[in-house]
Amino acid sequence: MQITGIKFAKLSIPLITPFKTSMRCVDHVRDIVVMVTTSSGNVGYGSATSTPVITGDTHASLIAAIDTLIKPKLLGMEIENLNGIIQVIQSSMVGNFSAKAAIESAIYDLWGQLYKAPLYKLLGGGDGQLSTDVTISVDTIDKMLSDSMLAISQGFDILKIKIGTDLHQDIERVKEIYQATRGKALLRLDVNQGWTAKETVFAVQKMEQAGVELELIEQPVKAHDFTGMKYVSERVITPIMADESAFSAKDVIKLIQTGAADIINIKLVKTGGISNAIRIADIAAIYNVECMIGCMLEGSVGISAAAHLAAAKSDIITKVDLDGPILGQYNPVVGGLKCEHAKIVLNETPGLGIESVDGLIELKTEEIF
């Protein structure tokens, strides 16, 4: 199975409700889908979204990186040479994590197709089912309460609450949501770098004193502020999870060894793909530190690769935040995993199991550049 081509397409899926955090507000999932074609006629799928405020990547930079620096080196390579292909992708340039993640996902999809097994079984096994949380976007207290109760009525028992826009209002939001959902759902708070270290300690201690019990608090301080993360972790009871601070294996080692984070959030578009995500999960396992598998508001194509990894590494990836597909008004992917509210069921067909994707708008690179 030889690589013969790489194609790109746009995919836009309207959200049921706008996705709001302290860093951005969007109303569509907008992915670039990467399709790797082969001499056998098999097609591998990967995707990534534009998150310049987090990864620095845009759709244009993603396409340019793959088309000009990765594609020429991959053409003609055999899919069975997985390690060789991964080495080419990862050494092709510095950074550009989303581009590397998208093309890696497509390659791993083809690797599963080559050996006629679902990807998660080749990566280590698992039972093929996951349970995800769901995001409650930052908004007025009444709107967040309403969204939380709707999610619970749909069967979600873990809510990821977006905050970080106003310290004192954030505290009140959390206290009211906790009282309304107590005994019905666990709460995860995602501050998206919205507080300083001292503000975080103040807020968390206030909430703890009010009897609020949280599963974790995600990335309260700026991504580069490892000292601030350590300051917080030493002063609060609630576990602190690193997200934007944890891109590479080196980041994760530093976070764990300095005691700056209790949990690591793995996202393929941060790590540069499945290969580095596996390394991070293995490092965390050595230190007995739990991980979450997360996403950047991606559709089913991008979520598929992350879900397969999570199933295969379920011993250390104990928390799942892969709600992108269920936040959209519809799922354009034919085949692949199935998402029904909190339940994610992986495909038992080869690779990622994606047969086709409706609504793709194919892009010609000569028209882009």
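Remarks
- Tabulated pairs, the stretch 235-263, first basic (Lys, Arg), second at pLDDT 95 or above, C-beta under 7 angstrom, 6+ apart or interchain: ARG235/VAL201; LYS254/PHE226
- Residue within the stretch 293-312 that is buried (at least 24 other Cβ atoms within 10 Å of the Cβ), farther than 30 Å from ASP358 by Cβ and in contact with a strand residue (DSSP E or B) (Cβ under 9 Å, 6 or more places away or on another chain) present: no
- Scanning the stretch 295-323 for residues that are in contact (Cβ under 8 Å) with a residue 40 or more places away in the chain and either in contact with a Phe, Trp or Tyr (Cβ under 7 Å, 6 or more places away or on another chain) or acidic (Asp, Glu) (or both) yields LEU297, GLU298, VAL301, ALA305, HIS308, ALA311, ALA312, ASP321, ASP323.
- Exclusive hit being over 30 Å from ALA48 (Cα atoms), crowded, with 22+ Cβ neighbours inside 10 Å, in contact with a Leu (Cβ under 8 Å, 6 or more places away or on another chain) and at pLDDT 95 or above, set ILE161, ILE177: ILE177
- Conditions (1) assigned by TED's automatic domain parsing to the domain that holds TYR45; (2) in contact with a Gly (Cβ under 9 Å, 6 or more places away or on another chain); number of the one not met by LEU363: (2)
- Across the stretch 140-180, the number of residues qualifying as in a loop (DSSP other than H, G, I, E, B) and at negative phi comes to 7.
- If you go through the stretch 201-227 and keep only what is surrounded by fewer than 24 Cβ atoms within 10 Å (Cβ to Cβ), in a strand (DSSP E or B) and in contact with a helix residue (DSSP H, G or I) (Cβ under 7 Å, 6 or more places away or on another chain), you end up with nothing.
- Reported count of residues in the stretch 142-168, each being in contact (Cβ under 8 Å) with a residue 24 or more places away in the chain and farther than 23 Å from GLY328 by Cα, is 3.
- Scanning the stretch 36-62 for residues that are touching a residue at least 60 places away in the same chain (Cβ under 8 Å) and farther than 19 Å from ILE303 by Cα returns THR38, ASN42, ALA60.
- Lone qualifier among LYS71, LYS7, LYS116, LYS121 - being over 17 Å from the mean Cα position of the chain (by Cα), more than 28 Å from VAL138 (Cβ to Cβ) and assigned to a loop (DSSP other than H, G, I, E, B): LYS116
- Members of the stretch 252-271 that are surrounded by fewer than 24 Cβ atoms within 10 Å (Cβ to Cβ) and either assigned by TED's automatic domain parsing to the domain that holds ALA102 or out of contact with any strand residue (DSSP E or B) (no Cβ under 8 Å at 6 or more places or on another chain) (or both): ILE253, LYS254, GLN257, THR258, GLY259
- Scanning the stretch 53-82 for residues that are at pLDDT below 95, of a type outside the set (Val, Ile, Thr) and either surrounded by fewer than 15 Cβ atoms within 10 Å (Cβ to Cβ) or closer than 14 Å to ILE3 by Cα (or both) yields GLY56, ALA60.
- Only a single item in (1) over 22 Å from ILE16 (Cβ atoms); (2) part of a helix (DSSP H, G or I); (3) without any contact (Cβ under 8 Å) to a residue 12 or more places away in the chain is not met by GLY183, and it is number (2).
- Residue count for the stretch 284-298 satisfying the condition of being part of a loop (DSSP other than H, G, I, E, B), under 25 Å from LYS162 (Cβ atoms) and over 8 Å from the mean Cα position of the chain (by Cα): 2.
- Every residue from the stretch 186-209 that is among the aromatic types (Phe, Trp, Tyr) and either at pLDDT below 95 or closer than 20 Å to ILE54 by Cβ (or both): TRP195
- LYS230 vs. criteria out of contact with any helix residue (DSSP H, G or I) (no Cβ under 7 Å at 6 or more places or on another chain), in a helix (DSSP H, G or I) and at pLDDT 95 or above: yes
- Filter result for GLY194 (closer than 23 Å to ILE177 by Cα and assigned by TED's automatic domain parsing to the domain that holds ILE161): yes
Matching residues to (1) touching a Lys or Arg at 6+ places or on another chain (Cβ under 6 Å); (2) within 18 Å of SER50 (Cβ to Cβ):
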residue: THR271; (1), (2): no, yes
residue: ILE274; (1), (2): no, no
residue: ILE280; (1), (2): no, no
residue: ALA284; (1), (2): no, no
residue: GLY294; (1), (2): yes, yes
residue: ALA310; (1), (2): no, no
residue: LYS313; (1), (2): no, no
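- Selection within the stretch 316-331: residues that are modelled with pLDDT under 95 and either touching a helix residue (DSSP H, G or I) at 6+ places or on another chain (Cβ under 9 Å) or not aliphatic (A, V, I, L, M) (or both). The member of this set that is nearest to MET292 (Cα to Cα) is ASP323.
The values are calculated or read from the model by the stated rules, or taken from the named source; none is laboratory data. Worth saying up front: this structure is predicted, and the values here are computed from it rather than measured. Please note: Cβ atoms are built from the backbone with ideal geometry, for glycine as well, and neighbour counts cover all protein chains shown.
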